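The values are calculated or read from the model by the stated rules, or taken from the named source; none is laboratory data. Source: prediction; values computed, not measured. Here Cβ is always computed from backbone atoms with ideal geometry, including for glycine, and neighbour counts include all displayed protein chains. Areas reflect the complete protein model, heavy atoms only, side chains present, ligands, DNA and RNA absent. Shrake-Rupley method; radii C 1.70, N 1.55, O 1.52, S 1.80 Å.
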There are 2 protein chains.
Amino acid sequence: MKFEIKKRDAAGRICRFITKHGTVTTPNLMPVINPNKMLITPKEMKKLFGTEMVITNSYIIYKDDKLREKTLNDGVHKLIDFDGPIMTDSGTFQSYVYGDVNVDPIEIVQFQRDIGSDVGTILDVFGTPDQTKTKAEQGMKETLKRAKQSVKVKGEMALACTVQGSIYPDLRESCAKKLSSIDGDFFPIGGVVPLMENQRYSDLVRIILYSKRGLDPSKPVHLFGAGHPLIFPLAAVLGCDFFDSSAYVKYANDGRMIFSWGTGKLDDLSELPCCCPVCSQFTASELKKLDKKEAVLQLAKHNLYVSFAEIKKIKSAIANGSLWELVERRASANPHLLEAMHELQKEEHKVWLEQSESTSKNKALFYTGNNTIHRPIIYRYHRRLLERYKPLFDTTVVFPEGKKPYSKHYARQIDEIRNKTDANILISSHLGPVPIELDEMYPFAQSVFPKNIDKETEAEVAKMFDEFTKKENIIFWEGMKTLDELPASKKKKVDKDILKISAVSDMQFGKGASKALFDGEINIIKSKKTDKIRNIYSNGKHVLSMRAGDGLFTLKIDGARLLHKSFKYPKLRVVIEKDAVPFVKEGKSVFAKFVIDCDPELRPFDECLIVDKKDKLLAVGRALLNRTEMLSFDYGMVVKTREHIK
Amino acid sequence: MKFEIKKRDAAGRICRFITKHGTVTTPNLMPVINPNKMLITPKEMKKLFGTEMVITNSYIIYKDDKLREKTLNDGVHKLIDFDGPIMTDSGTFQSYVYGDVNVDPIEIVQFQRDIGSDVGTILDVFGTPDQTKTKAEQGMKETLKRAKQSVKVKGEMALACTVQGSIYPDLRESCAKKLSSIDGDFFPIGGVVPLMENQRYSDLVRIILYSKRGLDPSKPVHLFGAGHPLIFPLAAVLGCDFFDSSAYVKYANDGRMIFSWGTGKLDDLSELPCCCPVCSQFTASELKKLDKKEAVLQLAKHNLYVSFAEIKKIKSAIANGSLWELVERRASANPHLLEAMHELQKEEHKVWLEQSESTSKNKALFYTGNNTIHRPIIYRYHRRLLERYKPLFDTTVVFPEGKKPYSKHYARQIDEIRNKTDANILISSHLGPVPIELDEMYPFAQSVFPKNIDKETEAEVAKMFDEFTKKENIIFWEGMKTLDELPASKKKKVDKDILKISAVSDMQFGKGASKALFDGEINIIKSKKTDKIRNIYSNGKHVLSMRAGDGLFTLKIDGARLLHKSFKYPKLRVVIEKDAVPFVKEGKSVFAKFVIDCDPELRPFDECLIVDKKDKLLAVGRALLNRTEMLSFDYGMVVKTREHIK
């Protein structure tokens, strides 16, 4: 089994899960197959919905003498006639529904191994949300014990070790950590069905987040029992890779249709609000007239079309960097999902989520409502502003939100001010305070907001503004009658371009970067067409290029030398093993298994210094993962090398 | 041509548009057919997407000698091989694109009539958004002149008279009014394409609203040139009935895919975020590999599947009373749409929108974010609270938002208070102030909010609260330490049920209703199972029933007699013509053409008194439309009679 990350957005990711029965691209959905009664066969699912992996229940097979024998002889792939990867469940959910199951926890794992399951599941103890902490801890400990025993008998089968711990964050995190330390391959987050049934999405989010904190990020995570697409985007943005659906058939049996925004009873619908092949073939009244069996089949198909479409939407959103937008859009469909968004806004979660956020995206940031201001990228920018940006002057003149880029929109006013006095220019933008030097940097120039923002965003922005300015020596341009209100004190000659490259490099690489990079004669080359900064030479050496798309720097090898000299280990570093050094010296990219250490402050898409164990600079490149991820993944590219030392 | 309303939600509506070539259920979309180059034939569209009506361009036919002759001989239905209703455009858009068209305005109308178009369009003067008001007014006047002349030659063809007036609200309203006074049949809102191209949705909304103000509500309204589903829900909630799409093929030619939340370039997509038959048959890479012609065809099909699905979603939302929720959900996909939502929140628009809002719905009100608090139903409730509800006592005790129904949740506390003193009980709910007597009334008990609301909603709610309480004699339960803080003054015996039926009847029927209905001995019958109020007898007569679903009253004929006696004309009345009297006396429902007058304060779903010209009470029923609609529609049921005087 291999699991490698291909693309990412927020804590969500597109990965390849490679088994001997084929490869699955995650996030993905495994339809639940009842071996006794297949409404739609896995083969047909593959054809109709592009299903890559399914899940079936080993306990049901095990309990039936005939079925057990047959499956032990022929294997589970033959039983359900599917040549793709198959996951098996262990009977845990049956124990939750019926109170207990009559099977030995180790025997059922061995059985799953023996029938050739690709991913078998331990018989974990289902922790319900209403348990006391003591009870939940007992269950969690028993789960851990069984996991440790099960690992020993798993053979070649990948073993799914389920995180339990009821609704208690510390139990979830501790369970996740302990499971990650044993040789598990796949981590379901269990015990969540009762939460979903009661739309307790806020609790669900907390459980996912605390489980993820503890889990090895290089292993697939499965939100066990989550089959309604309403929850898929939110779970995916937190890093869930697998979902399973028995909902498609349960809901169909009950005459209910699944939609991305909720559920509808066919009987209540006069129109089918969907364009899937089923809803394109039938009208609502035609569907209602079908005989029960055929109607259930068509509804089940609709439910799977819609569920897999949501998976495709998530993948597409990860690929183009709009996953938060999808999540926020979906949240507006259900007040309980909005409650879950509120949970995400807690400081502890923001801190965790920020680590996975890419430094830049090819896509503009779209405001969707008052959840947008709480995105990790804005949280990061604000933290960095406080830590890495130092205003030059005592006085700050503040302009209101305006057309972008602000430096062009307010060019005349800024000139007037700077001719008269030394003042910082600050935009009180819809994203928070933006020093004018940073106005082309992602996400400021690349954000789309409505003219009028809501009071929630307004209050959040005001808080950031006050924290940044400390309300000292502030002059609001809009409140000014004449320029005479400015303190007249023109001492320094201000070069706007130098201010800009200094501020951006400090924000991007860290405090002190500008000093390290621009110590000497600076030559700035601009685009003739757009007049935008392109290349920067320091003492005759090309140290940086500024990207037109996101206003951030590409670090050249000569710039890397300067930062390497100036910044202490491990700042900006990715440290690689001896074996990989010759390859990187030839300009090859860095793969996960060769990384020994890494700057904990590096974020995906950050420029980084590739060094050997002795901190000798080898090359410069772009990090694709953060530290935790780099150190835990075994497969895949983690730094794209751009330039190496010859 | 007939146009009758079947279902409604907000200012949106499901209507039947009946032509001699068949019936169209609106809101609906007419794909644009190029008679020279049909990518998908209308016949195929009908089969694949359920297309009911198409639009083609008479000017293109007219300009081509051969085509003109052929179509004059065979008719336009044969030309494009479609037996359903066909609308034709006149060349106005060509005049906008190419500067001018070489055709006589009246001749092109006659031509459309002669080729058998079901709906022909006048050659209006396209008003662009950048015009001065003088220029816009000139164009509008010329449009009006042509409309008046065109009406004379329309023959049996329905004539579409396009509203112009650029971005000037008063011009739009005046143009709409004047067009409604001549014999037009169909009202496109024109000149909006440049606004949509620049995503100026806020201007678009204002134009639609002012056009609708002036238009005869009994005629179909067409948002001319609006082909992207992103705008459909918002336009539909304001009362647009028709859309046309040339976008499906234009976008396809350009390699672009239409989605309900925006547009994506196929080349940029690694996954197809959709479940339509095209996206279910092909993967993204398969689509990319198709030859250009086939790719355009498949993209065009996708675009139409998605566009028609949005129409079905709108119809479904109107049918189940969730159109505002769909609109708000969609608005979160695009900051410019959010800006348009802000436009809707202006007092003038709220006043207009309130008139169309149904008194009650079968569906709970879902909070989707900070737009929800601005819905017309909440605006109405708050206005009525100020006008129709009178607190009984000097002191008011306020409880915070809690479980519903509030009277049950806070039962113990309320008893404690009322045992000690005479006080009004008020809930400071997420929807605004709710006197405890109204807690089961729609939409209070029937609303779903997250625990934490945003600051925008909070501020709006606080404003309503202050306006209602005038901050006088308010005691907050949460701030109270002991009951001793209450003024001790127990004078009146309070009967909770009497308070409730009095408050609800005043809110529902108007000030004074409780006095009229409950003057004498009151007998309240409750459900044994739920202990909820069911039937109310006044002096032995059954005057009201309370509905469990929405906590509002059904008016019985004996209650109607009391209100009729007490309320002056035209309060609660629907006045019908002599011819209809015998039918209503037999219990038949009231049809549009028999209504002479109506209470301007009646709202859809309101209980109403059916009277004759002399204000003699005939029956009681439920209004389906408001006054303006009742008086303008010629077809369809407008009051559902429930009980009549024998």
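For the range B:320-462, what is the relative contact order in percent, using Cα pairs closer than 8 Å and at least 6 residues apart in sequence?
About 25 percent, as a whole number.
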Could you let me know the centre-to-centre spacing of the range B:23-65 and the range B:569-626, using Cα atoms, in angstrom?
41
If you count the DSSP beta bridges with both ends in the protein assembly as shown, what percent of them are antiparallel, to the nearest 5?
55
Report, in listed order, any pair from A:Lys43/A:Lys66; B:Lys2/B:Lys346; A:Lys500/A:Lys571 with a Cα-Cα distance greater than 30 Å.
B:Lys2/B:Lys346
Once the other residues with Cβ under 15 Å from the Cβ of B:Thr530 are scored (Lys, Arg +1; Asp, Glu -1), what is the net sum?
+4
Given H placed 1.01 Å from N in the peptide plane, which residues other than close sequence neighbours of B:Thr554 have an amide H under 5 Å from its amide H?
B:Ser545, B:Met546, B:Arg547
In whole percent, what relative contact order does the range B:99-244 give with Cα contacts below 8 Å and a gap of six or more residues?
20
Computed, not fitted: 222 nm per-residue ellipticity of the protein assembly as shown from DSSP H runs ≥ 4 (each -39500 (n - 2.57)), nearest 500, equal to -11500 deg cm²/dmol
Residues whose built amide H sits under 5 Å from the amide H of A:Lys6, excluding neighbours closer than 5 in sequence, are A:Ile14, A:Cys15, A:Arg16
Gap separating the Cα centres of the range A:381-419 and the range B:215-276, nearest whole Å:
40
At A:Lys515, label 7 Å along Cα→Cβ: distances to the other copies, nm, ascending?
8.1
Long-range amide H partners of B:Val639, meaning residues 5 or more apart or on another chain whose placed amide H is closer than 5 Å, are B:Val590, B:Leu624
From the phi angles alone, apply the Karplus equation (6.51, -1.76, 1.60; θ = phi - 60°) to the range B:579-593 and give each ³J(HN,Hα) in whole Hz, x where the residue is Gly or Pro.
4, 8, 3, x, 5, 5, 5, 8, x, 6, 7, 9, 9, 3, 5
Would you kindly derive the ³J(HN,Hα) couplings of the range B:637-646 from the backbone phi angles with the Karplus curve 6.51 cos²θ - 1.76 cosθ + 1.60 (θ = phi - 60°), listing them in order in whole Hz, with x for Gly and Pro?
7, 10, 9, 8, 5, 10, 9, 10, 7, 8
Compute for chains B and A the buried accessible surface, both sides summed, probe 1.4 Å, and express it in Å² to the nearest 100.
4000
Please report the relative contact order for chain A, taking Cα pairs under 8 Å with a sequence separation of at least 6, and give it as a percent rounded to a whole number.
10
From the phi angles alone, apply the Karplus equation (6.51, -1.76, 1.60; θ = phi - 60°) to the range A:565-575 and give each ³J(HN,Hα) in whole Hz, x where the residue is Gly or Pro.
5, 8, 8, 6, 3, x, 3, 6, 7, 10, 9
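Would you please classify the overall shape of the protein assembly as shown from the alpha carbon gyration tensor, given that a ≥ b ≥ c denote the square roots of the eigenvalues, rounded means a/c under 1.5, and beyond that prolate means a/b larger than b/c while oblate covers the rest?
rounded
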Might you list the cysteines of chain A that have no disulfide-compatible partner by the rule of another cysteine's Cβ under 4.7 Å?
A:Cys15, A:Cys161, A:Cys175, A:Cys240, A:Cys598, A:Cys608
Largest first and to the nearest Å, give the Cα extent of the range A:60-129 along each principal axis.
37, 24, 18
DSSP-loop GluC sites (Glu not before Pro) across the range A:437-479, with at most 15 other Cβ within 10 angstrom
A:Glu472
Where the only charges are on Cβ atoms (+1 Lys, Arg; -1 Asp, Glu), what is the dipole of the range A:225-286 about its Cα centre, to the nearest 20 debye?
100
Gain in span if fully extended, B:Val153 to B:Leu297, counting 0.36 nm per residue against the direct Cα distance
47.9 nm
By the C-alpha gyration tensor axes a ≥ b ≥ c (rounded if a/c is under 1.5, else prolate when a/b exceeds b/c, else oblate), the shape of the range B:307-375 is oblate
Counting only protein heavy atoms and a 1.4 Å probe, tell me what percentage of the range A:359-500's accessible area is made up of carbon and sulfur.
51
Cα axis of helix B:496-509 to longest principal axis of chain B: angle in degrees, 0 to 90, nearest 10?
30
Given 5 Å bins starting at zero, what is the percent of C-alpha pairs of the range B:360-422 in each, up to the one with the largest pair distance?
4, 12, 15, 20, 22, 14, 10, 3, 0
Treating the angle as unsigned and between 0 and 90°, give the value, to the nearest 10°, between the Cα long axis of helix A:169-181 and the longest Cα principal axis of chain A.
80
Whole-Å distance, taken between Cα centres, linking the range B:300-361 and the range A:446-493
36
Partner lysines for A:Lys315 [C-alpha distance under 16 Å; skip if fewer than 8 residues away on the same chain]:
A:Lys6, A:Lys7, A:Lys361, A:Lys363, B:Lys265
Using the alpha-carbon atoms, what tilt in degrees (0 to 90, nearest 10) does helix A:455-469 show relative to the longest principal axis of chain A?
50
Label-to-label distance, nm, for residues given as A:Asn73 and A:Gln413 (7 Å Cα→Cβ offset)
8.4
Candidates per trypsin sites (Lys or Arg not before Pro) in the range A:393-457, loop by DSSP, up to 14 other Cβ within 10 Å
A:Lys403, A:Lys451
Determine the shape class of the range A:523-646: with a ≥ b ≥ c the square roots of the Cα gyration tensor eigenvalues, call it rounded for a/c under 1.5, and otherwise prolate if a/b is greater than b/c, oblate otherwise.
prolate
How far apart, in nm, are the 7 Å Cα→Cβ label points at A:Val351 and B:Asn473?
5.1
